[in-house]
Amino acid sequence: MGKLEGRVALVTGGLRGIGLAIATRFVAEGAQVLIADLDAAGSEAVGETVAALGERAAYISANVTDEASWQGIADHMRDTYGAAHILVNNAGIDLTGPVETLSLEAWRRIMAVNVDGVFLGTRALVPLMAQSGAGVAGGASIINISSIMGLVGYSEVSAYNASKGAVRLFTKGIAIEFATKRMPIRANSLHPGFVKTPLLNAGFQRWVDKGFAQKPEDLVAAMEAATPIRRLAEPSELAGPALFLASADASYVTGAELVVDGGWTAQ
Ligand SMILES: NC(=O)c1ccc[n+]([C@@H]2O[C@H](COP(=O)([O-])OP(=O)(O)OC[C@H]3O[C@@H](n4cnc5c(N)ncnc54)[C@H](O)[C@@H]3O)[C@@H](O)[C@H]2O)c1
């Protein structure tokens, strides 16, 4: 029997990368998984991705920065499944650039997706999660995807640093709020290191375009050399830690930060 049998999960940004790896693992562990992402429902990418996940996966088109999208998700989960046990606020964007040339528009965009999205998702689903969490071992679980960049600073990543640091402390705030009010919802942040996804690849390409390296492979080699485990993570290596936080195995874990970075921040 899977560790998430009978549970309903929402994964934002679940069409690719870390979100897709988490959705895949949750389905394999018995959960019903609803993916929310930007693509239109019925598009080729959505059709293929959701079909590959099997019958217990479904898709809803949503922009996490949009309040109305979140109302739609909450209504859909209540009407279709009558429950929400797990929320993975995974959708995120990165952005690099020196602070003195960073536009206010770019700053606001990253805050909108990475911070507003996490807040809006939490607010929208907490009423249903509080009801649903009472019926499962370990309670309901919110997993907010922060980053190692939410723990330490990095050159030319200040906006991303700020957004992921906000996710980290927002998570601790709600964890204490729910525990104090005896609401059956745990909340934890997950902090990936460098993970082989389209987001990381796009970031490497931007650094190449700026002339910081000749080719993306040079940057991969540099990141590997800077990581004690000496390699980048596969997206699937984030799925197990997310499963732990989602399941009853983590029944006493709330307000914690789980770092999955091959030792990068331990140095
Ligand atoms: N890849 C890494 O090295 C790394 C490291 C640390 C943290 N993270 C974090 O992990 C999360 C996932 O990253 P990834 O590397 O898988 O990214 P990715 O770009 O490969 O995938 C992100 C997904 O989120 C979706 N998305 C983006 N904006 C959205 C919005 N406004 N509404 C709904 N969906 C939206 C995208 O369409 C995409 O499917 C992000 O929060 C990212 O900051 C990634």
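The condition of being assigned by the TED database to the domain that holds ALA162, within 9 Å of the ligand (Cβ to nearest atom) and at pLDDT below 95 does not hold for ASP39. Return yes when GLY19 is assigned to a loop (DSSP other than H, G, I, E, B) and under 23 Å from GLU237 (Cα atoms) and no when it is not. Answer is no for this residue.
For the stretch 1-51, filtered to residues that are more than 20 Å from ALA84 (Cβ to Cβ) and acidic (Asp, Glu), the residue that is surrounded by the most Cβ atoms within 10 Å (Cβ to Cβ) is ASP39.
In the set (1) out of contact with any Pro (no Cβ under 7 Å at 6 or more places or on another chain); (2) within 13 Å of the ligand (Cβ to nearest atom); (3) among the aliphatic types (A, V, I, L, M); (4) under 29 Å from ILE148 (Cα atoms), ILE18 fails one condition alone, (1). Between ALA58, ALA62, ALA51, the distinction of being away from the ligand (no atom under 15 Å from the Cβ), in the same structural domain as VAL27 (by the TED database) and closer than 19 Å to VAL8 by Cβ belongs to ALA58 only. Scan the stretch 197-234 for residues that are among the polar types (S, T, N, Q) and either within 11 Å of the ligand (Cβ to nearest atom) or closer than 14 Å to ASP261 by Cα (or both) and the total you get is 3.
Does the stretch 214-228 contain any residue that is touching a helix residue (DSSP H, G or I) at 6+ places or on another chain (Cβ under 9 Å), assigned by the TED database to the domain that holds LYS164 and among the hydroxyl-bearing types (Ser, Thr, Tyr)? Scanning the stretch 214-228, I find no residue that is touching a helix residue (DSSP H, G or I) at 6+ places or on another chain (Cβ under 9 Å), assigned by the TED database to the domain that holds LYS164 and among the hydroxyl-bearing types (Ser, Thr, Tyr), so the answer is no. Only residues that are within 16 Å of the ligand (Cβ to nearest atom) and closer than 24 Å to SER189 by Cβ were counted across the stretch 87-129, and they come to 30. The condition (being farther than 27 Å from SER251 by Cα and free of Cβ contacts under 8 Å to residues at least 12 places away in the same chain) is satisfied by just one residue among ALA45, ALA51: ALA51.
When the residues of the stretch 206-222 are filtered to those that are free of Cβ contacts under 8 Å to residues at least 60 places away in the same chain and under 19 Å from SER147 (Cβ atoms), the one that is surrounded by the fewest Cβ atoms within 10 Å (Cβ to Cβ) is ALA222.
Screening the stretch 94-104 for residues that are of a type in the set (A, V, I, L, M, F, W, C) and crowded, with 16+ Cβ neighbours inside 10 Å and picking the one that is farthest from the chain's Cα centre (by Cα) gives LEU102. The residues of the stretch 134-163 that are more than 10 Å from the ligand (Cβ to nearest atom), within 16 Å of ASN188 (Cα to Cα) and in contact (Cβ under 8 Å) with a residue 60 or more places away in the chain, listed by number, are GLY138, GLY139, SER141, ILE143, LEU151. Taking the stretch 52-88 as the range and being part of a strand (DSSP E or B) and either buried (at least 18 other Cβ atoms within 10 Å of the Cβ) or among the hydrophobic types (A, V, I, L, M, F, W, C) (or both) as the test, the residues that pass are ALA57, ALA58, TYR59, ILE60, ILE86, LEU87, VAL88. Of the helices (runs of 4 or more DSSP H) entirely within the stretch 171-267, those holding at least 2 residues that are on the phi < 0 side of the Ramachandran plot and either of a type in the set (Lys, Arg) or modelled with pLDDT of 95 or more (or both) occupy 216-226, 236-246.
The values are calculated or read from the model by the stated rules, or taken from the named source; none is laboratory data. For clarity, every value in this text was computed on a predicted model and none was experimentally measured. FYI the Cβ positions are ideal-geometry reconstructions off the backbone, even for glycines, and counts take in every protein chain you see.
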